[in-house]
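Read through the structure below, which is laid out as structure tokens, and then see the notes.
The values are calculated or read from the model by the stated rules, or taken from the named source; none is laboratory data. Computed from a prediction, not measured in an experiment: that's the story for all the values here. We place every Cβ from the backbone using ideal geometry, glycine too, and count neighbours over all the protein chains shown.
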Amino acid sequence: MSARPYVLLSCAMSIDGYIDDATAERLLLSNDSDLDRIDAVRAACDAILVGAATVRQDDPRLLVRSARRRAERVARGLPPSPVKVTVTGSGDLDPTARFFTLGDGAKLVYCPTGSAERTREQVGAVATVVDAGEPVTPAAVLTDLAARGVRRLMVEGGGSVHAQFLTAGLADELHLVVAPFFVGDRRAPRFVRDGRFPWHPGRRARVVEVRQIDDVVLTRYALSDRCPPG
Ligand SMILES: NC(=O)c1ccc[n+]([C@@H]2O[C@H](COP(=O)([O-])OP(=O)(O)OC[C@H]3O[C@@H](n4cnc5c(N)ncnc54)[C@H](OP(=O)(O)O)[C@@H]3O)[C@@H](O)[C@H]2O)c1
């Protein structure tokens, strides 16, 4: 059996812990330098996962932007960008979303058995729909990704997905960027929802790096022994 992929969580939030505002517009939290850092992190991964709500709300491309990094991946025998992965319970995904239409690489959609038929109807023509059992768990997704050769997975949100990997103890590293402003609106989504997290006052996560990137601050946390020291 293949080893579970290394799981790296990446998130940008406001000073008060929000990852978006409450409007339909996408809130930009990172700056250009940090987006370039994220691009490098993406380029070093085999797959990128976001929740279906992020696909619907942000319509992200999830591609490696830098031509040099894409060329370096191809020279190593990899596709230009990582495999794109999402999870849905409803199957409510638009096949014209950029997740599906941009990039030639594989797109994987994990769903529970009960919505597999609907999900295949919606996006079966533009993605591989995987019936991941009932309910879909991060562990099941990781097992299937490992069998497909994914060794390093980047999870880019949103809060529901981050919380599931964290509470399941299936995250190895967290890149948390804090943008220098407040959102101040509790209707907006937070980095994570409520849950029982393995890191609490009695078990503190290990900081492996703190870096100022122009006007934002990146903190890298090691969440497992698999995360190399700073
Ligand atoms: N600042 C950042 O770094 C950042 C990054 C990404 C996203 N965001 C923001 O995060 C917000 C979205 O976050 P969110 O927490 O609402 O949603 P999310 O984590 O993006 O997606 C949640 C959705 O994913 C599906 N899902 C998740 N776990 C599942 C499971 N175990 N089984 C089946 N389906 C599952 C469900 O889709 P269905 O509803 O289809 O059933 C669920 O509604 C947006 O506002 C976005 O802008 C911010």
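Listed values, structure above:
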read-out	value
Residue that is more than 19 Å from residue 163 (Cα to Cα), basic (Lys, Arg) and modelled with pLDDT under 95, where the choices are 42, 26	26
Candidates 44, 12 - the one that is under 25 Å from residue 127 (Cα atoms) and either surrounded by fewer than 22 Cβ atoms within 10 Å (Cβ to Cβ) or in contact with a Ser or Thr (Cβ under 8 Å, 6 or more places away or on another chain) (or both)	44
Pairs with Cβ under 9 Å, 6+ apart, first in segment 211-230 and within 14 Å of residue 31 (Cα to Cα), second assigned to a strand (DSSP E or B) and acidic (Asp, Glu)	218/209
Complete set of residues in segment 179-210 that are of a type in the set (D, E, K, R), surrounded by 10 or more Cβ atoms within 10 Å (Cβ to Cβ) and closer than 22 Å to residue 6 by Cα	206, 209
Cβ pairs under 7 Å, 6+ apart, first in segment 34-58 and among the basic types (Lys, Arg), second within 12 Å of the ligand (Cβ to nearest atom)	42/48; 42/154
Hits in segment 183-223 (condition: within 16 Å of the ligand (Cβ to nearest atom), in contact with a helix residue (DSSP H, G or I) (Cβ under 9 Å, 6 or more places away or on another chain) and not in a loop (DSSP other than H, G, I, E, B))	190, 213, 216, 218
Residues that are in a strand (DSSP E or B), within 13 Å of the ligand (Cβ to nearest atom), under 25 Å from residue 71 (Cβ atoms) and aliphatic (A, V, I, L, M), drawn from segment 9-49	48, 49
Lone qualifier among 103, 17 - being among the small types (Gly, Ala, Ser) and without any contact (Cβ under 8 Å) to a residue 60 or more places away in the chain	103
